[in-house]
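Structure record follows, encoded as structure tokens.
The values are calculated or read from the model by the stated rules, or taken from the named source; none is laboratory data. Predicted model only: the values in this text are computed from it and were never measured. Here the Cβ is made from the backbone with ideal geometry for all residues, glycine too, and neighbour counts use every protein chain on show. These accessible areas exclude ligands, DNA and RNA; they are computed on the full protein's heavy atoms, side chains included. Shrake-Rupley method; radii C 1.70, N 1.55, O 1.52, S 1.80 Å.
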Amino acid sequence: MKTSDKALVWFRRDLRAFDHAALHQALATASKVFCVFIFDKTILQPLQAESPEGSLTADRRVAFIHASVVELDAELRRHGGGLIVRHADAATAIPLLAAELGVDYVLINHDYEPAAVARDAQVQQALHAAGRTLQSFKDQVIFEKDEVLSLAGKPFSVFTPYKNAWLKKFQAGSGDLDSSLLAAYATEPVAGQLAAPEKTATIPSLSAMGFAAVDLAALHIPTGMSGGQSLLDDFLPRLHRYRDSRDFPAIKGPSYLSVHLRFGTVSIRALARRAMESMQAGTGGEGAPVWLSELIWRDFYFMILHHHPHVVGQAFKADYDRIAWESGEEADAAFTAWCEGKTGYPLVDAAMLQLNQTGYMHNRLRMVTACFLIKDLGIDWRRGEAYFAKHLNDFDLSANNGGWQWASSSGCDAQPYFRIFNPVTQSERFDADGKFIKRYLPQLAKLNAKQIHAPWLLTAMELQMAGITLGQSYPQPLVAHDAARKKTLERYAVVKKV
């Protein structure tokens with residue numbers, strides 16, 4: 001039964017009008033529901049810090065959000081409502097808007113990042129002081145916080161037992177997984193329930209906020225709810241091949257949904273449900289359980305961030321903060337070369353160029369490039385984590401931090417410190433023909449599948465025939481892997497007993 005209350009739904013990283021926990025709760029309890037999105041200056045201004053004063057900043061993520069907000073507004077208007085969109089400091093703008101609209105409560109979906117938690121606490125305090133409430137709901141994960149614990153009632157720090165406990169919650173009597181627990185939240189409003197913004201209200205343009213337009217279509221990044229659905233529709237027929245294709249960057253193996261998961265233009269419940277249904281129907285082959293496992297990793301890292309917020313800036317395993325990383329001019333030059341894709345190791349360089357040019361990096365390559373920075377160049381994982389955070393379209397603090405700590409062996413369930421990826425072997429295994437490498441390093445196009453993984457091993461005649469001059473058209477390798485591996489084992493000796 002509806003009440004006479006007015007409510008405000010504050011959209012953040014949940015830019016969809018379907019299967020939305022906060023919107024569902026608002027429509028279930030309020031007679032009038034307003035919707036708002038804030039382009040938060042606290043988040044956006046640091047992105048503009050490196051742009052010359054007076055110039056527009058090109059940021060793929062902001063462009064993605066803007067396009068998705070426009071689509072969300074159109075969908076809400078189709079149901080008689082619309083989206084109030086402002087460019088402001090969210091922590092102060094939301095309480096002011098709540099007072100302006102005279103709403104009784106504000107509804108949000110949980111955000112687990114420390115800065116967001118602090119912001120939401122500030123908003124809650126301001127609303128409470130004005131006699132209003134903030135209601136928050138689980139939406140961007142399947143299980144959160146203390147919902148998956150060990151038999152001893154403790155948070156897991158190893159993935160496989162966490163995954164087993166996660167799956168057990170869906171275990172039906174037959175042993176199959178029961179996907180009915182992932183039912184979508186209903187968000188169909190009754191007539192007139194969604195409040196339309198004032199007719200004069202407009203969505204701030206990118207340029208008005210100091211950002212340049214970005215041609216996301218040219219980068220093959222579909223935006224909004226429709227973009228997320230199109231990618232899912234494209235992926236599901238390939239799902240059965242996911243296990244065997246996901247590690248090879250030259251082929252179409254992944255779902256490419258990560259940026260849509262990041263900004264909530266798809267529903268995590270819908271994805272997990274499709275994976276389970278494919279497993280039950282036998283149509284997902286060996287790919288469906290592997291894809292589901294990847295979605296569970298996402299929950300796992302959110303849980304780790306909630307219980308161990310110190311991972312933001314510190315090693316999960318405290319002893320690993322004793323490692324002495326390379327520093328000084330030589331280390332800075334090596335880091336710059338890594339950032340620019342000029343390490344002399346083709347797979348590493350191609351991966352970094354993919355990131356710089358598109359904002360996307362294949363997951364296998366995230367591991368390869370991270371391990372190279374940490375264990376070949378001896379550079380602090382936090383520097384690489386920050387670079388990825390700046391450039392990844394799908395940057396998500398928990399997953400990015402978890403991935404980098406995995407690579408550095410300092411995180412939960414991380415690879416052992418003595419397991420060091422050989423960048424040449426990784427290249428030969430996962431880009432055997434060099435197709436991915438040649439896509440981003442056309443200067444190596446004349447090298448054959450055997451030559452392309454380690455150009456420095458070629459004879460002068462072979463290099464000449466390929467039109468390559470090492471040190472000019474393509475860099476000499478920054479380090480010799482075998483020597484770097486030995487140095488890394490010495491560097492990690494301080495944690496050898498951990």
Practice item. Using only the alpha carbons, work out the radius of gyration and Dmax of the stretch 334-374 in angstrom. Key: 8.9, 23
Check your understanding: With axes computed from alpha carbons, what is the tilt in degrees of helix 381-391 against the longest principal axis of the chain, rounded to the nearest 10 within 0 to 90?
Key -> 60
**Study point:** Mean projected area in nm² (Cα convex hull; one quarter of hull surface) for the chain
**Key:** 26.4
Practice item. Using DSSP, restrict attention to beta bridges with both residues in the chain and report what percent are antiparallel, rounded to the nearest 5. Key: 5
Check your understanding: Got a number for the accessible area of Asp233? Probe 1.4 Å, square angstrom, nearest 10.
Key -> 80
Point to revise | Partners for Lys375 among aspartates and glutamates (Cα-Cα distance below 14 Å; same-chain residues under 8 apart left out) | key: Glu326, Asp482, Glu490
Check your understanding: Averaged per residue, what accessible surface does the chain expose to a 1.4 Å probe, in Å²?
Key -> 44
Practice item. In whole Å, largest first, what are the principal axis extents of the Cα atoms in the stretch 117-182? Key: 52, 28, 17
Study note, to complete from the structure: At the level of C-alpha centres, the distance separating the stretch 24-94 and the stretch 247-283, in angstrom, is 26
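Of all accessible surface on the stretch 164-271 at a 1.4 Å probe, what whole percent is carbon and sulfur?
The computed percentage sits at 54.
Please state the relative contact order of the stretch 249-388 as a whole percent: Cα pairs under 8 Å, 6+ residues apart?
Working: 82 pairs, mean separation 22.7, N = 140.
Taking the mean separation of contacting Cα pairs over the length of the stretch 249-388, I get 16 percent.
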Check your understanding: Radius of gyration and Dmax for the stretch 299-457's Cα atoms, expressed in Å?
Key -> 15.8, 51
Check your understanding: If you take the Cα Rg of the stretch 32-168 and divide it by 2.2 N^0.38 Å, with N the number of residues, what do you get?
Key -> 1.32
Point to revise | Estimated FRET transfer efficiency (Ala118, Ala449; beta-carbon r; R0 60 Å; 0.05) | key: 0.70
Check your understanding: What is the Cα radius of gyration of the stretch 366-498 over 2.2 N^0.38 Å, N being its residue count?
Key -> 1.18
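Compute the convex hull volume of the Cα atoms of the stretch 161-294, divide it by the residue count, and report the result per residue in Å³ as a whole number.
Taking the convex hull of the Cα positions in the stretch 161-294, it is 180 Å³ per residue.
Taking all protein chains in place and a 1.4 Å probe, what share, in percent, of the accessible surface of the stretch 349-430 do carbon and sulfur account for?
54
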Point to revise | For the stretch 322-406, fraction of C-alpha pairs farther apart than 15 Å, in % | key: 53
Study note, to complete from the structure: Filtering chymotrypsin sites (Phe, Trp or Tyr not before Pro) in the stretch 393-498 by DSSP loop and by at most 13 other Cβ atoms within 10 Å leaves Phe418
Review point. Which whole number of Å³ per residue matches the convex hull of the alpha-carbon atoms in the stretch 93-216?
Key: 247
